[in-house]
Amino acid sequence: MTLPSTGKPGGEAVLTVAVLDAVGNRVTDWTGSVSLAVPEIVDLPERVEFGLEHQGARRIVFETGDAGVVMVSAGTGAGLQGRSNPLKVDSRIRRVLWADLHGHSGLTDGTGTPKDYFRYAREVSALDLSLI
């Protein structure tokens, strides 16, 4: 699970929930539900459902609520567990963006297309970039 690093009280934020295998690949055919343990200062659902159409990643938009630090824990009935990075909610805080655009596609010595690479960065890793 990935949250933005910073946010303003009452602002909009996105929680990215992705199901990954042991080496960090998205598990596109996973179906089931993920239970969330959510702090009271944010309005997130207690459960996120995954169907085949989600391809192992969901983005949940929510309101940040009051100032504080937010971390979300999650688990499945099959024993998968995870915890998000912290989101610092403060009216005086500056926005922090994350991106690492170094990678290798099948056009060089990697796999996939550049579009696949950017889609994973945005939809699974929740980096702050737009898909080209």
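The values are calculated or read from the model by the stated rules, or taken from the named source; none is laboratory data. Quick caveat, the model's predicted, so the values are computed rather than measured. So basically every Cβ, Gly included, is an ideal-geometry build from the backbone, and we count neighbours across all protein chains shown. Calculation scope for accessible area: heavy atoms of the full protein, side chains included, ligands and nucleic acids excluded. Shrake-Rupley method; radii C 1.70, N 1.55, O 1.52, S 1.80 Å.
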* To do: Measure nothing but the geometry: give the 0 to 90° angle between the long axis through the Cα atoms of 114-123 and the longest principal axis through the Cα atoms of the chain, rounded to 10°.
  => 20
* To do: Please calculate the 1.4 Å probe accessible area of Ser91, with all protein chains present, and give it to the nearest 10 Å².
  => 80
* To do: Treat each spin label as a single point 7 Å out from the Cα along the C-beta direction, and report the Ala22 to Arg59 distance in nm.
  => 3.1
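Using Cα pairs under 8 angstrom and six or more residues apart, how large is the relative contact order of the chain, in percent?
Working: 278 pairs, mean separation 38.0, N = 132.
Over the chain, the number comes to 29 percent.
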* Asked: Expressed as a whole number of Å, what is the distance separating the alpha-carbon centroids of the range 82-130 and the range 1-79?
  -> 15
* So how much accessible area does Leu80 have, in Å² to the nearest 10, using a 1.4 Å probe? -> 80
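Let me know the longest stretch in the chain that avoids all trypsin sites (Lys or Arg not before Pro) found in a DSSP loop with at most 11 other C-beta atoms within 10 Å. Walk me through the numbers on the way to the answer.
Details: sites that count: Arg92, Arg94, Arg95.
My reading of the result: 1-91 is the longest stretch.
Round to the nearest 0.05 the FRET efficiency obtained for Arg83 and Asp116 when R0 = 35 Å and r is the Cβ-Cβ distance. Walk me through the numbers before you get to the answer.
On the way: r = 27 Å, r/R0 = 0.78.
Efficiency, rounded to the nearest 0.05: 0.80.
Ignoring everything except DSSP H segments at least 4 long, calculate the 222 nm mean residue ellipticity for the chain; use -39,500 (n - 2.57) per segment, divide by total residues, nearest 500. If you can, show how the numbers build up before the last one.
Details: 1 runs with 10 residues, N = 132.
Roughly -2000 deg cm²/dmol at 222 nm, from the helical runs in the chain.
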